[in-house]
Amino acid sequence: MAKNMQPIAKRCKALGISPAVMGYAKKTTNRNPGSQMRKKKSEYSLQLAEKQKVKFIYGILEKQFRGYYESAAAAPGKTGDNLLITVERRLDNVVYRMGFAMTRRQARQLVSHAHFTVNGKKVNIPSYLVKAGDVIEVAESSRSSEVFKRLMGQDAPVFLVPTWMERDKNSLKGTVVRLPAREEIDVPVEEHLIVELYSK
């Protein structure tokens, strides 16, 4: 399985996004603290940067991302909105959004190791696309793991779960109530630039 192993803080700085978007609260980099970036960027470099942001945030490689774009372009509605809604439906992202993992990278690893079930069946594909009504649950055999034990009880961390999904604080189960709308996806991306890039 291909993995994006780029340093988080360095890449976030290069793309102009906060590490908090990735789930990292204290990541910083001191690399080139006083560096002067070129003020004027070409149209192409702006479009490319937006595409790279989405790929980096969700941990997607080019071939798969192009597939998502083509599906989004073929679906009714705005291509940019469709694209972001598609990547937001990835199982690793849903696991992260529900608070079962601290970061998307951790979520991807947990899904790959078959720690989750979707509608009662084990799924170990991070790119699996969830649907409205799907129930995501920590597998029975994984519940004794320290990773999941910390999500239960009085000291369980509180997560802000998006409005399009539900999860009780003290349960290891969540439901995708409906698919998200574009305005509910808090990713700092101008998706119309990605559409312009691919439609050239």
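The values are calculated or read from the model by the stated rules, or taken from the named source; none is laboratory data. In this text, all values refer to a predicted model and were calculated from it rather than measured experimentally. Every residue, glycine as well, gets a Cβ built from its backbone with ideal geometry; the counts of neighbours run over all protein chains shown. Just the protein is used for accessible areas: all its heavy atoms, side chains included, with ligands, DNA and RNA removed. Shrake-Rupley method; radii C 1.70, N 1.55, O 1.52, S 1.80 Å.
List of remarks:
- When a 1.4 Å probe is rolled over the protein heavy atoms, the share of accessible surface on the range 71-153 that falls to carbon and sulfur comes to 54 percent.
- Projected label distance in nm at Gln52 and Lys122, using a 7 Å step from Cα toward the beta-carbon: 3.9
- Burial ranking of peptide ranges 164-172, 56-64, 98-106 (average Cβ count within 10 Å, highest at the top): 98-106, 56-64, 164-172
- Computed from backbone phi, the HN-Hα couplings of the range 104-114 come to 5, 5, 5, 4, 4, 5, 5, 5, 4, 8, 6 Hz, rounded to whole numbers (Karplus: 6.51 cos²θ - 1.76 cosθ + 1.60, θ = phi - 60°; Gly and Pro given as x).
- In straight-distance terms, cross-link reach from Lys40 covers every one of the aspartates and glutamates whose alpha-carbon lies under 17 Å from its own, apart from those fewer than eight places away in the same chain; here that gives Glu50.
- Highest mean packing comes first when the peptides 181-194, 137-150 are listed by Cβ atoms within 10 Å, giving 181-194, 137-150.
- Backbone amide hydrogens, once placed in the peptide plane, bring Met165 within less than 5 Å of Val177, excluding anything fewer than 5 places away on its chain.
- Cross-link reach list, aspartates and glutamates versus Lys78, counting only Cα pairs under 16 Å and skipping chain neighbours closer than eight places: Glu70, Glu88, Glu183, Glu184, Glu190, Glu191, Glu196
- With θ taken as phi - 60° and the Karplus curve 6.51 cos²θ - 1.76 cosθ + 1.60 applied, the whole-hertz 3J(HN,Hα) list for the range 56-72 is 6, 4, 8, x, 10, 8, 4, 4, 5, 5, 4, x, 4, 4, 5, 5, 5 Hz, x standing for glycine and proline.
- Spin-label model, Leu160 to Arg66: label points 7 Å out along the Cα-to-beta-carbon direction sit 3.7 nm apart.
- The length gained by stretching the chain between Ser144 and Thr103 to full extension, at 0.36 nm per residue less their Cα-Cα distance, is 12.7 nm.
- Remark: the range 124-138, residue by residue, has Karplus-estimated 3J(HN,Hα) of 10, 10, x, 8, 4, 9, 6, 10, 4, x, 5, 10, 9, 9, 5 Hz, where x stands for each Gly or Pro and the curve is 6.51 cos²θ - 1.76 cosθ + 1.60 at θ = phi - 60°.
- In nm, spacing of pseudo-spin labels at Lys40 and Met152 (7 Å Cα→C-beta vector): 6.2
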